[in-house]
Amino acid sequence: MARSRKHRNRPIHAPAQPKEMREVHRNAAGVDCGAAEHYVAVPQDRDTQPVRCFGTFTADLVALADWLKQCRITTVAMESTGVYWIALFDLLVARGFDVKLVDPRRLAQVPGRKSDVLDCQWIQQLHTFGLLTGAFRPDPQIRVLRSYMRQREMLVSYAGQHIQHMQKAMEEMNVKLTEVISDVTGMTGTRIIDAILAGERDPKKLAALRHERCHNDEATIALALEGNWQEEHLFALRQAVELYRYYHAKISELDRQIEAHLKTFPDKSAGATLERQPARRRHSNEPQFAVRPYLFQITGVDLTTLDGFKSGYNALDLISEIGTDMSPWPTEKHFASWLGLCPGIKKTSGRRLSGRRPKKAVRAANILRMAAYPLHHANCALGAFLRRLKGRLGMPKAITATAHKLARIVYRMLKYGKAYVDVGVEYYEQRYRERVLKGLKRRAAEMGFDLVATQTLASLPTTELELVGTGVRVTAIELPAAQ
């Protein structure tokens, strides 16, 4: 894109470039982690063999740390390869090293790599000149909670697979239970399946086990329970039910462990009490203990007042990923950018080429998206925001934009202790109309026009006119002559 004539000959004051790059970390080492061995590189003047290979046993990791101490290393950069880096990272931190965990994609984006340079040497060189930034890691107490929450998510996923196995076994027997009840693991579904496994085959007796709040009547359910009871499918159904209940037993055991760990967090509530929430329906996969009091104790704010976090479980899941300390992100914009919820900015010569956001696998961002999705039918300001963007951008982009707004609100609540107050749909729509009207007035003024309200026009005299040859009648408003 050519520069305009006005700015073509304007001098550009560029900062003076240094003749050579300054070494930011002179005592830096680089580590390339693997499953069976770790390659470590130190500066050339620290050892006659600046690159060494160590095993991954605990004794090898201790020898690696001793060698780094011998080489007067103070800071170490390592690539986050799978989970192989965790044991070495914790050992080096315990030995007093400043350790930075580097995203492999950041290493691939830095140009200038030579083919004869090992990965550990390349990491060491980049870290020496300060070209690497460490990944975010929460404090140890939050990391323990994160491990528990991820384990729980895995168990819930495994239990959900066995629900599908139950449904498949019943479909193969032409038992249409999933067509007449919404949840086969609910009260009605559990009673009927247990009776089937106990040997009951009479559809009417099975249908009589329905809960009184079930939408379909006994006659409809009885018709759905007329199937061909084949032994191999009954065996598959029995195993699926047993596995489903086994995983939920493990989830209950894990919930007790999570609750015990939550009690170890310091109390930031300052003795404040929570307001009572209206009763709501509890989901079967939610923890068996009250999450909201512990969440309030950990953060000092009530995140369940935020729309999308009413249950408290997804808020606890979010805290396990980001922690309660917002100091790693200077502003809420930095926080949203780290989450990958900001639009991409690809520009050239002052012209924007693409707004596609970069692909980032951040679990916290997925939690915020899941919290934003049910707001589509919510009677709140965030719900109105989501519905407005859906009509203009589509549902996927609207969910991401709403998750971005949720992230900024969570950041302010955790950093400044601000409580969230829903302004309501009416107030949000009024403010939106005011912003649109202000923009229209500005654009009209730029084009030399005045924007006049319809209430003012209604009081002016009008004249009925007919367009010649068309039969169309219009109403002309007689504007007063300019003074």
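The values are calculated or read from the model by the stated rules, or taken from the named source; none is laboratory data. Please read these numbers as outputs of a predicted model, since none were measured by experiment. Quick reminder, even Gly has a Cβ in these numbers, built from the backbone with ideal geometry, and neighbours come from all protein chains shown.
Among the residues of this structure, K250 does not count as one that is of a type in the set (K, R), under 18 Å from L318 (Cβ atoms) and touching a residue at least 24 places away in the same chain (Cβ under 8 Å). Could you go through the stretch 311-328 and let me know if any residue there is at pLDDT below 85 and closer than 30 Å to P278 by Cα. Yes: the stretch 311-328 contains one or more residues that are at pLDDT below 85 and closer than 30 Å to P278 by Cα. Return a yes/no flag: does the stretch 87-100 have any residue that is modelled with pLDDT of 90 or more, closer than 23 Å to G130 by Cα, out of contact with any helix residue (DSSP H, G or I) (no Cβ under 6 Å at 6 or more places or on another chain) and part of a loop (DSSP other than H, G, I, E, B). There is at least one residue in the stretch 87-100 that is modelled with pLDDT of 90 or more, closer than 23 Å to G130 by Cα, out of contact with any helix residue (DSSP H, G or I) (no Cβ under 6 Å at 6 or more places or on another chain) and part of a loop (DSSP other than H, G, I, E, B). Residues in the stretch 320-337 that are among the polar types (S, T, N, Q) and within 15 Å of the chain's Cα centre (by Cα): S320, S337. Looking only at residues in the stretch 166-185 that are out of contact with any Phe, Trp or Tyr (no Cβ under 8 Å at 6 or more places or on another chain) and not in a helix (DSSP H, G or I), the one that is surrounded by the most Cβ atoms within 10 Å (Cβ to Cβ) is V175.
Scanning the stretch 217-226 for residues that are under 14 Å from V184 (Cβ atoms) and either without any contact (Cβ under 8 Å) to a residue 40 or more places away in the chain or in a loop (DSSP other than H, G, I, E, B) (or both) yields one hit, L225.
Okay, residues lined up against (1) in a loop (DSSP other than H, G, I, E, B); (2) at pLDDT 90 or above:
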{"site": "H261", "(1), (2)": "no, yes"}
{"site": "T273", "(1), (2)": "yes, no"}
{"site": "S284", "(1), (2)": "yes, no"}
{"site": "I298", "(1), (2)": "no, yes"}
{"site": "V301", "(1), (2)": "yes, yes"}
{"site": "L341", "(1), (2)": "yes, no"}
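Filtered by the rule that a residue be of a type in the set (A, V, I, L, M, F, W, C) and either in contact (Cβ under 8 Å) with a residue 12 or more places away in the chain or on the phi > 0 side of the Ramachandran plot (or both), the stretch 151-168 gives L155, V156, A159, I163, M166. Within the stretch 235-257, can one find any residue that is more than 21 Å from H165 (Cα to Cα), in a loop (DSSP other than H, G, I, E, B) and either within 34 Å of the chain's Cα centre (by Cα) or polar (S, T, N, Q) (or both)? Among the residues of the stretch 235-257, not one is more than 21 Å from H165 (Cα to Cα), in a loop (DSSP other than H, G, I, E, B) and either within 34 Å of the chain's Cα centre (by Cα) or polar (S, T, N, Q) (or both), which makes the answer no. Each residue in the stretch 101-116 was checked for being surrounded by 14 or more Cβ atoms within 10 Å (Cβ to Cβ) and either in the same structural domain as I319 (by TED's automatic domain parsing) or assigned to a helix (DSSP H, G or I) (or both), and 2 pass.
Among the residues of the stretch 117-151, those identified as in a helix (DSSP H, G or I) and farther than 19 Å from P50 by Cβ are P140, Q141, I142, R143, V144, L145, R146, S147, Y148, M149, R150, Q151.
For L316, the stated conditions hold: it is among the aliphatic types (A, V, I, L, M), in a helix (DSSP H, G or I) and either touching a residue at least 60 places away in the same chain (Cβ under 8 Å) or touching an Asp or Glu at 6+ places or on another chain (Cβ under 9 Å) (or both).
Sub-7 Å Cβ pairs linking a first residue in the stretch 202-216 that is polar (S, T, N, Q) to a second residue that is outside any loop (DSSP other than H, G, I, E, B) and surrounded by 14 or more Cβ atoms within 10 Å (Cβ to Cβ), at least 6 apart or interchain, are N216/V180, ordered by first then second residue. The number of residues in the stretch 46-81 that are assigned to a strand (DSSP E or B) and closer than 22 Å to A135 by Cα comes to 5. Going through (1) out of contact with any Leu (no Cβ under 6 Å at 6 or more places or on another chain); (2) surrounded by 14 or more Cβ atoms within 10 Å (Cβ to Cβ); (3) more than 26 Å from H261 (Cβ to Cβ); (4) in contact (Cβ under 8 Å) with a residue 40 or more places away in the chain one by one, D98 falls short only on (4). Residues in the stretch 120-150 that are of a type in the set (S, T, N, Q), loosely packed, with under 15 Cβ neighbours inside 10 Å and more than 13 Å from L101 (Cα to Cα): S147 alone. Looking at the stretch 355-452, the helices (runs of 4 or more DSSP H) lying wholly inside it that each contain 1 or more residues that are outside the structural domain of W329 (by TED's automatic domain parsing) sit at 425-446. Within the stretch 419-431, does at least one residue satisfy the condition of being over 23 Å from S311 (Cβ atoms) and hydroxyl-bearing (S, T, Y)? The answer is yes, given that some residue of the stretch 419-431 is over 23 Å from S311 (Cβ atoms) and hydroxyl-bearing (S, T, Y).
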